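In what follows, a structure is listed as structure tokens, so that the remarks can point back to it.
The values are calculated or read from the model by the stated rules, or taken from the named source; none is laboratory data. All of these numbers come straight from a predicted model, not from anything done at the bench. Every residue, glycine among them, receives a Cβ derived from its backbone with ideal geometry; neighbour counts consider all protein chains shown. Areas reflect the complete protein model, heavy atoms only, side chains present, ligands, DNA and RNA absent. Shrake-Rupley method; radii C 1.70, N 1.55, O 1.52, S 1.80 Å.
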Amino acid sequence: MVFSTLIPSASHLYLPRRMPTNLKSSPIRCSSSSSSLVSAQFDLKGYWTTLIGEINQKLDEAIQVQYPEKIYKAMRYSVLAKGAKRAPPVMCVAACELFGGNRLAAFPTACALEMVHAASLIHDDLPCMDDDPSRRGQPSNHTIYGTDMAILAGDALFPLGFRHIVSHTPSDLVPDARLLRVIAEIARAVGSTGMAAGQFLDLEGGANAVEFVQEKKYGEMGECSAACGGLLAGAEDEEIQRLKRYGKAVGVLYQVVDEVLKEKMKNKEEKEEAEKKGKSYVGLYGVEKAMEVAEELRTKAKKELDGFEKYGESVVPLYSFVDYAIDRGFSVGDAS
């Protein structure tokens, strides 16, 4: 439900001044005054692209077609869709590495987050929900496999994610107690008080439910992804709470900017139709106010990261995600 739309560079938005991307960084303290410079010095595209390749391979291995073939094919269709940004698993890995965790320890949970993410998108797109015929530049799962198979594919992906964490996380890298907390965190995020609550109010709530819908439908996955990375690495409880606030802010930030970019590309009829569907800051307040919300979210996310300055350069990827959410200096994935 979060990070689900891929849109090219947002050069037509107001953008902060960008520093040259070929600068080499030296040891730094990531305070709020230096975070934009830090983000510009870091090769986020290379970092993100490398992780996408590794995660895609592991997802391909994790969901092999077997009986009943049609369900597995439907699962693979959405999970391995071209153009997927893999933002939840990448954020999980980055948060794990912030505290010195091994990337290998994070990959199983990272893959599980993508499975859960894909399942939520499959269900969101159903005719009885958001009724979206396309996703990531290709037909939605139910458009290809039918509503029945789409429901089953989503239902199957949720438990597969939990199973993958338990069966593939190296026991010598992550104690069982941490895995239990990770599983509990994912279950909380997707459940009746998390993303499901957001989808409910998106369907049933009024205009005043916009903030809650955005936080639950789009902020929960970001919150969960960042928290899981920290949990795997053994972060302190206070640090986990800081990661949660950061992840939620980033998750909503990406969605708000996506809405602004899509709004600028719509014709009049499309804008009128969009106002009837779903609940968004753009639909309620307009583009200008939505961008003010985006800037507030960027500030909030970076403020949380300032509390991790003792970890030095390890926090840089997380800073970079925040600036990329608004700047969109490059495209991730193949779809537009």
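Worth pointing out:
- The label-point distance for residue 173 and residue 238, in a model that sets each label 7 Å from Cα toward Cβ, rounds to 2.9 nm.
- Accessible-area composition of region 142-228, carbon plus sulfur, in percent [1.4 Å probe]: 59 percent
- Within the accessible area of region 61-131 (1.4 Å probe), percent carbon and sulfur: 51 percent
- One chain, two ends: residue 303 and residue 131. Fully extended at 0.36 nm per residue, the span grows by 58.2 nm beyond their Cα-Cα distance.
- Residue pairs, from the table 216/300; 82/310; 45/289; 262/300; 73/248; 45/279, whose Cα atoms sit over 26 Å apart: 82/310; 45/289; 73/248; 45/279
- Surface composition of region 278-321: carbon and sulfur atoms hold 48% of the protein heavy-atom accessible area at a 1.4 Å probe.
- Probe 1.4 Å, accessible area per residue of region 29-163, Å²: 40 Å²
- Computed about the Cα centre, the dipole magnitude for region 103-142 is approximately 300 debye when only Lys and Arg (+1) and Asp and Glu (-1) carry charge, each at its Cβ.
- Built amide H within the under 5 Å cut-off of residue 135, gap 5+: 140
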